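Visitor: Got a structure for you, questions after.
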Amino acid sequence: MDATRVRRRRVGPSLKSAGIAVLAWAAALVFFFPVLWMFVSGFKQEAQAATDPPTFLFQPTLDQFEAILGRDFTPFLLNSLMASVGSTLLVIVLATPAAYALSLAPIPKWKDSLFFFISTRFMPPAAIILPLYIIANNANVLDNITMLSLVYTAMNLPIAVWMIRSFLLEVPTAVLEAAKVDGAGFLTELRKIILPMIAPGLAATALICFIFAWNEFFFAVSLTSTRAATVPVFLTGFITSEGLFLARLSAAATMAALPVILAGWIAQKWLVRGLTMGAVK
Amino acid sequence: MTATEAPSAARERRGRAAPGLTAGERWRRRIPLLPALIVVVVLTQLPFLATVYYSFQDRNLLRPDETAFAGFGNYAEVLGDAQFRGAVLNTVLLTVTVVLCSIALATALAVLLDQKFLGRNVVRTLLITPFLVMPAAAALIWKHAIFNPLFGTLNWVLSPFGVERVDWVSEHPMFSLVVMLVWQWTPFMMLIVLAGLQSQDTEILEAARMDGAGPGAIFWRITFPQLRRFIELAVLLGSIFIVQTFDPIYLVTQGGPGQATTNLPYFIYQRTFRAFEVGEAAAAGVVVVVATIVIATFALRLFADMFREER
């Protein structure tokens, strides 16, 4: 009796953990499959991408990627880069002082301001697109990459303020007080102590903002047409494509999605903090 | 005891404006905040006020000279419009279904990921990827590579079960959208729930185990109550974003067939950029904001709760 109990205890957990591993891996493969299929199909010839049953073994080719790059993809890519990198830089520059004013040297009623920021993030884009469109049209900045960058800046600012604030609060008070005792001025304090300490946090915030801006579609499709159109707008060309185009679509989608997949994998550790605006660590 | 209290007491002091600041000092402290505040107000709040203003006007972008005050005419028109009511219904149906399915799946996956097993980090990385893929790219891949009636992998996977040549997007448009959105949002919710699981005090769990509590009892009596606010946060944030769903509807179903999958954002987009009916689109926009405020109020309350404890 005792012996079987001991044995069961030893066998039980390892069987259980094997079961968990199998289940988890199966779930991961199901969830990852569409991404994998997109990636794989981009290396096919069109005829291999549309077969029944699906083709798994084939001679990979770069034809589709070359075709996409050879077409007009580059301007879209540059626009996306300008809008997402430009807006992200601006967001960090604006959000860092704001987060400082809401944490380390708080203004009176700082809590109201903090919650005001977050509530603006909940504003549905559909509810403000019309005035933005009309204003942009009147100001002659419709289809303009600077305008789109500004919209993305406003979109990401609340997240950045909350996130950077959560990193600032982690700077040990003792360090700041020691700096004060040593007579460090505000700028010295900022440059020599605060910024180096929150640098990883700023990088994480930047990656999160980049992800949201790069993937954004609604504002892009509403406010741009030809000159300032970004990568997701390029993809709309595939909505009603005729004939065999799946391999080419997959190649385009892979190129469109890859920067953010990589950014997200790198920022994995901070992803949850970014997605919950710093509320969950 | 003092050791654990000291840092929280120190934190208590920060993030609270020192009393007795002079007016000048107060303004000096506000300066760093202003640029960000101005950008946000100018680009999100003022446009919304403009939306409210337009919603009381009879205005069409193609006939700017015939603009007139409409009172509540647009609201009456929009609320009496069967297409609008259909869009409201679709929005609710889509949001509720996607949120419920996602949170259930997400909780199950988070519990799995909270265990130790071979390749756990790789599994987590693979599981979060759907949320990272550009939604527009994902929508088109689902439409053409997975839901396609002839070459789609879904029909191929289901063929042993007697499913053949189903045209998912035209025959089951809402179902197709729900599947795609659950795939996209489950990782988001999973990350939040997982963070909740991992913030548990292992000592309490260990103590419960020592007292002879089974894994089921531990989960329902200890883990779940603690997890609740993380689940609530995931559900509320998820709802706010899923109500705004636009990309897959524009790219996969275009609101159809007919109006079968038109939700509010797509309805507004169509009224604005296809019919140029500014007044009606604006009125619909205001309705969306009101609905969002209802959800967001709960979300903000939750934020405030978590926040109070954090300090």
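Visitor: Mind checking which residues of region A:33-92 are within 26 Å of the chain's Cα centre (by Cα), of a type in the set (Phe, Trp, Tyr) and within 11 Å of chain B (Cβ to nearest Cβ)?
Guide: Selection gives A:33, A:37, A:39.
Visitor: Just to check your reading of the model, which residue among A:154, A:206 is in contact with a helix residue (DSSP H, G or I) (Cβ under 8 Å, 6 or more places away or on another chain), within 20 Å of residue A:94 (Cβ to Cβ) and without any contact (Cβ under 8 Å) to a residue 40 or more places away in the chain? Please lay out each step first, then the result.
Guide: Details: A:206 fails: without any contact (Cβ under 8 Å) to a residue 40 or more places away in the chain.
On inspection, the qualifying residue turns out to be A:154.
Visitor: Hey, does region A:226-245 have a residue that's assigned by TED's automatic domain parsing to the domain that holds residue A:149, under 30 Å from residue B:299 (Cβ atoms) and among the aliphatic types (A, V, I, L, M)? First the steps, then the outcome.
Guide: First pass over region A:226-245, keeping only residues assigned by TED's automatic domain parsing to the domain that holds residue A:149: A:226-245.
Going one step further and asking which of them are under 30 Å from residue B:299 (Cβ atoms), we end up with A:230, A:232.
With the extra rule that they be among the aliphatic types (A, V, I, L, M), the set shrinks to none.
Checked region A:226-245: no residue is assigned by TED's automatic domain parsing to the domain that holds residue A:149, under 30 Å from residue B:299 (Cβ atoms) and among the aliphatic types (A, V, I, L, M).
Visitor: Hey, any hits in region A:74-88 for a residue that's touching a helix residue (DSSP H, G or I) at 6+ places or on another chain (Cβ under 9 Å), over 22 Å from residue A:231 (Cβ atoms) and among the hydrophobic types (A, V, I, L, M, F, W, C)?
Guide: Within region A:74-88, not a single residue is touching a helix residue (DSSP H, G or I) at 6+ places or on another chain (Cβ under 9 Å), over 22 Å from residue A:231 (Cβ atoms) and among the hydrophobic types (A, V, I, L, M, F, W, C).
Visitor: Which residues, taken from region A:182-228, are hydrophobic (A, V, I, L, M, F, W, C), within 11 Å of another protein chain (Cβ to nearest Cβ) and in a loop (DSSP other than H, G, I, E, B)?
Guide: Once the filter is applied, which keeps residues that are hydrophobic (A, V, I, L, M, F, W, C), within 11 Å of another protein chain (Cβ to nearest Cβ) and in a loop (DSSP other than H, G, I, E, B), region A:182-228 yields only A:217.
Visitor: Out of the residues in region B:156-204 that are part of a helix (DSSP H, G or I) and over 32 Å from the mean Cα position of the chain (by Cα), which is nearest to residue B:254 (Cα to Cα)? Quick ask: steps written out before the conclusion?
Guide: The initial filter retains those residues of region B:156-204 that are part of a helix (DSSP H, G or I), namely B:156-161, B:168-171, B:173-198, B:202-204.
In the following step, the residues that additionally are over 32 Å from the mean Cα position of the chain (by Cα) were identified as B:159-161, B:203-204.
Values: B:159: 28, B:160: 31, B:161: 30, B:203: 53, B:204: 52 Å.
Among them, the one singled out is B:159.
Results for (1) buried (at least 17 other Cβ atoms within 10 Å of the Cβ); (2) at pLDDT below 85; (3) within 28 Å of residue B:54 (Cα to Cα); (4) in contact with a strand residue (DSSP E or B) (Cβ under 6 Å, 6 or more places away or on another chain), shown as yes or no for each residue.
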{"residue": "B:235", "(1), (2), (3), (4)": "yes, no, no, no"}
{"residue": "B:271", "(1), (2), (3), (4)": "yes, no, yes, yes"}
{"residue": "B:281", "(1), (2), (3), (4)": "yes, no, yes, no"}
{"residue": "B:285", "(1), (2), (3), (4)": "yes, no, yes, no"}
{"residue": "B:302", "(1), (2), (3), (4)": "yes, yes, no, no"}
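Visitor: Let me ask something else about it. Inspect all residues belonging to region A:166-177 and state whether any of them is β-branched (Val, Ile, Thr), touching a helix residue (DSSP H, G or I) at 6+ places or on another chain (Cβ under 8 Å) and at pLDDT 90 or above.
Guide: Going residue by residue through region A:166-177, those that are β-branched (Val, Ile, Thr) are A:171, A:173, A:175.
Subset that is touching a helix residue (DSSP H, G or I) at 6+ places or on another chain (Cβ under 8 Å): A:171, A:173, A:175.
Restricting the remaining residues to those that are at pLDDT 90 or above gives none.
No, every residue in region A:166-177 fails to be β-branched (Val, Ile, Thr), touching a helix residue (DSSP H, G or I) at 6+ places or on another chain (Cβ under 8 Å) and at pLDDT 90 or above.
Visitor: So is residue A:236 within 9 Å of another protein chain (Cβ to nearest Cβ) and within 16 Å of the chain's Cα centre (by Cα) or not? Explain how you work it out, then say what you get.
Guide: Details: within 9 Å of another protein chain (Cβ to nearest Cβ): yes; within 16 Å of the chain's Cα centre (by Cα): no.
The answer is no for residue A:236.
Visitor: Same structure again: Among the candidates A:213, A:160, A:139, which residue alone is within 15 Å of the chain's Cα centre (by Cα) and either surrounded by fewer than 22 Cβ atoms within 10 Å (Cβ to Cβ) or within 30 Å of residue B:283 (Cβ to Cβ) (or both)?
Guide: Going through A:213, A:160, A:139 in turn, the sole match is A:213.
Visitor: Name the residues in region A:70-88 that are hydrophobic (A, V, I, L, M, F, W, C) and in contact (Cβ under 8 Å) with a residue 12 or more places away in the chain, would you? Outline the logic, then answer.
Guide: Of region A:70-88, the ones hydrophobic (A, V, I, L, M, F, W, C) are A:73, A:76-78, A:81-83, A:85.
Scanning region A:70-88 gives A:73, A:76, A:77, A:82, A:83, A:85.
Visitor: Looking at region B:118-141, I want the residues that are closer than 17 Å to residue A:37 by Cβ and have a partner that is β-branched (Val, Ile, Thr) and part of a helix (DSSP H, G or I) with Cβ atoms under 6 Å, at least 6 apart or on another chain. Which pairs are those?
Guide: The qualifying pairs are B:129/A:35; B:132/A:260; B:132/A:261; B:133/A:35; B:139/B:252.
Visitor: Can you spot a residue in region B:209-220 that is away from every other protein chain (no Cβ under 11 Å), surrounded by fewer than 22 Cβ atoms within 10 Å (Cβ to Cβ) and touching a Ser or Thr at 6+ places or on another chain (Cβ under 7 Å)?
Guide: From region B:209-220, those away from every other protein chain (no Cβ under 11 Å) are B:209-214, B:216-220; that's our starting set.
Those left that are additionally surrounded by fewer than 22 Cβ atoms within 10 Å (Cβ to Cβ): B:209-214, B:216-220.
Keeping just the survivors that are touching a Ser or Thr at 6+ places or on another chain (Cβ under 7 Å) gives none.
No, there is no match, as no residue in region B:209-220 is away from every other protein chain (no Cβ under 11 Å), surrounded by fewer than 22 Cβ atoms within 10 Å (Cβ to Cβ) and touching a Ser or Thr at 6+ places or on another chain (Cβ under 7 Å).
Visitor: Next question, about the same structure. Restricting attention to region B:85-104, report how many residues are closer than 13 Å to residue B:185 by Cα and in contact (Cβ under 8 Å) with a residue 60 or more places away in the chain.
Guide: Step one: filter region B:85-104 for residues closer than 13 Å to residue B:185 by Cα, giving B:94-104.
This time we only want the ones that are in contact (Cβ under 8 Å) with a residue 60 or more places away in the chain, so: B:94-95, B:97-99, B:101-103.
Count: 8.
Visitor: Here's a follow-up. Return the total of residues in region A:115-141 being in contact with a helix residue (DSSP H, G or I) (Cβ under 7 Å, 6 or more places away or on another chain) and on the phi > 0 side of the Ramachandran plot. Walk me through how you get there before you give the answer.
Guide: As a first pass, look at region A:115-141 and keep what is in contact with a helix residue (DSSP H, G or I) (Cβ under 7 Å, 6 or more places away or on another chain): A:115, A:117-133, A:136, A:141.
Of the ones still in play, those that are also on the phi > 0 side of the Ramachandran plot are none.
Going through region A:115-141 one residue at a time, the tally reaches 0.
Visitor: Also: Need the failing condition index for residue B:123 against (1) within 23 Å of residue B:250 (Cβ to Cβ); (2) at pLDDT 90 or above; (3) surrounded by 15 or more Cβ atoms within 10 Å (Cβ to Cβ), just the number.
Guide: (1)
Visitor: (1) closer than 28 Å to residue B:242 by Cα; (2) surrounded by 19 or more Cβ atoms within 10 Å (Cβ to Cβ); (3) more than 8 Å from every other protein chain (Cβ to nearest Cβ); (4) aliphatic (A, V, I, L, M): which one isn't true of residue B:92, the others all being true?
Guide: (2)
Visitor: Residue under question is residue B:46, and the condition is that it be free of Cβ contacts under 8 Å to residues at least 60 places away in the same chain, closer than 24 Å to residue B:287 by Cβ and either in contact with a His (Cβ under 9 Å, 6 or more places away or on another chain) or surrounded by 12 or more Cβ atoms within 10 Å (Cβ to Cβ) (or both); does it hold? Give the derivation first.
Guide: Working: free of Cβ contacts under 8 Å to residues at least 60 places away in the same chain: yes; closer than 24 Å to residue B:287 by Cβ: yes; either in contact with a His (Cβ under 9 Å, 6 or more places away or on another chain) or surrounded by 12 or more Cβ atoms within 10 Å (Cβ to Cβ) (or both): yes.
Yes, satisfied.
Visitor: Output the number of residues of region B:255-274 satisfying the condition of being free of Cβ contacts under 8 Å to residues at least 24 places away in the same chain, part of a loop (DSSP other than H, G, I, E, B) and over 19 Å from residue B:182 (Cα atoms).
Guide: 2
Visitor: Do the conditions hold for residue A:122, that is, is it buried (at least 21 other Cβ atoms within 10 Å of the Cβ), without any contact (Cβ under 8 Å) to a residue 60 or more places away in the chain and among the aromatic types (Phe, Trp, Tyr)?
Guide: On the way: buried (at least 21 other Cβ atoms within 10 Å of the Cβ): yes; without any contact (Cβ under 8 Å) to a residue 60 or more places away in the chain: yes; among the aromatic types (Phe, Trp, Tyr): yes.
Judged against the criteria, residue A:122 is a match.
Visitor: Here are B:246, B:267: which of them is under 23 Å from residue B:137 (Cβ atoms) and either among the basic types (Lys, Arg) or facing another protein chain (nearest Cβ under 9 Å) (or both)? Show your work before the answer.
Guide: Working: B:267 fails: under 23 Å from residue B:137 (Cβ atoms).
Criteria check complete, one pass: B:246.
The values are calculated or read from the model by the stated rules, or taken from the named source; none is laboratory data. The structure displayed is predicted, hence computed values, not measured ones. Because the Cβ atoms are built from the backbone with ideal geometry, glycine has one as well, and the counts that use them run over all protein chains shown.
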